[in-house]
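See below for the structure under consideration.
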Amino acid sequence: MYNDAEKQQIQKIIEQKQMRDFLKFYTNLIERCFNDCINDFTSKALTSKEETCIGRCTDKFLKHNERVGQRFGELNQQLMQQQQQAQQSQPQQSSGRWF
Amino acid sequence: MSFYPFGGGSSGGGSSGGGSSQQQAVNAQNVAMAENELEMITDTFYRIVDSCYKKCIPPKYIEGELNKGESVCIDRCVAKYFEVNTKVGEALQKRGQQAGVGGAVTGFGA
């Protein structure tokens, strides 16, 4: 579907996007756990309750992200297989993957 | 795709021998299409993560693990999101055939 030169370019795009997305993920996670856990402004320092909450929040979100990733991958693959089968029996439809 | 936790599918392995690829023409449109598809899939993934977190995980943080209820909720949430994705896509396509795609999407007459 793509020649080697195109694949190389696409791979570069993927790597750059991964880097940007990772940074977004990181800052997003920080904001999420801040919003969910931090409500006590009687002092500048984090209370031990808040610290524990942050730890659990981080763990939880990472595990959630991982699980969604697994299900997403499975369902995405199923979807692509179904579309491939549909295309084989009806060759005139447009190739729109997710539509 | 090492960062994205959904791995699999899409443009597979790395490029083969460096020498030959220098002489091949790069169809910019092909690459742009692949990039668009990548954007759409990863954007959908992030929306699913966000939506299902809101719907399934109460911000109580009693522990750092997902309990059974939360896990099951996540599985079902992702499955339903995919269903919605398909249904909306079909509905859009039907409207598109009836009205002409530009009219249906932007609301302006043909």
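Exactly one residue among A:THR27, A:THR42 is more than 11 Å from chain B (Cβ to nearest Cβ), over 30 Å from B:LYS68 (Cα atoms) and β-branched (Val, Ile, Thr), and that residue is A:THR42. For the stretch A:45-71, give me each residue that is more than 8 Å from chain B (Cβ to nearest Cβ) and acidic (Asp, Glu). Correct list: A:GLU50, A:GLU51.
In the set A:MET19, A:MET1, only one residue is under 30 Å from B:MET33 (Cα atoms) and part of a loop (DSSP other than H, G, I, E, B); that residue is A:MET1. Got a number for residues in the stretch A:14-47 being under 30 Å from B:GLN23 (Cα atoms), aliphatic (A, V, I, L, M) and surrounded by fewer than 16 Cβ atoms within 10 Å (Cβ to Cβ)? Of the residues in the stretch A:14-47, 1 are under 30 Å from B:GLN23 (Cα atoms), aliphatic (A, V, I, L, M) and surrounded by fewer than 16 Cβ atoms within 10 Å (Cβ to Cβ). Which is within 22 Å of B:GLU70 (Cβ to Cβ), at pLDDT 95 or above and either in contact with a helix residue (DSSP H, G or I) (Cβ under 7 Å, 6 or more places away or on another chain) or not in a helix (DSSP H, G or I) (or both), of A:ASP36, A:ASP59? Step by step, each of A:ASP36, A:ASP59 is checked, and only A:ASP36 is within 22 Å of B:GLU70 (Cβ to Cβ), at pLDDT 95 or above and either in contact with a helix residue (DSSP H, G or I) (Cβ under 7 Å, 6 or more places away or on another chain) or not in a helix (DSSP H, G or I) (or both).
Here's the yes/no breakdown for (1) within 21 Å of B:ILE41 (Cβ to Cβ); (2) of a type outside the set (Val, Ile, Thr); (3) out of contact with any strand residue (DSSP E or B) (no Cβ under 7 Å at 6 or more places or on another chain):
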site: A:MET19; (1), (2), (3): yes, yes, yes
site: A:THR27; (1), (2), (3): no, no, yes
site: A:ILE30; (1), (2), (3): no, no, yes
site: A:ASN35; (1), (2), (3): no, yes, yes
site: A:PHE41; (1), (2), (3): no, yes, yes
site: A:THR58; (1), (2), (3): no, no, yes
site: A:ARG71; (1), (2), (3): yes, yes, yes
site: A:GLN85; (1), (2), (3): yes, yes, yes
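In this structure, A:GLY69 qualifies as at pLDDT 95 or above and closer than 27 Å to B:ASN36 by Cβ.
Looking across A:GLN70, A:GLN85, one residue alone is part of a helix (DSSP H, G or I), of a type outside the set (D, E, K, R) and over 30 Å from B:ILE62 (Cβ atoms). It is A:GLN85.
The values are calculated or read from the model by the stated rules, or taken from the named source; none is laboratory data. This one's a predicted model, so the numbers in the text were calculated from it and none came from an experiment. For neighbour counting, all protein chains shown are included, and Cβ atoms are generated from backbone atoms with ideal geometry for every residue, glycine included.
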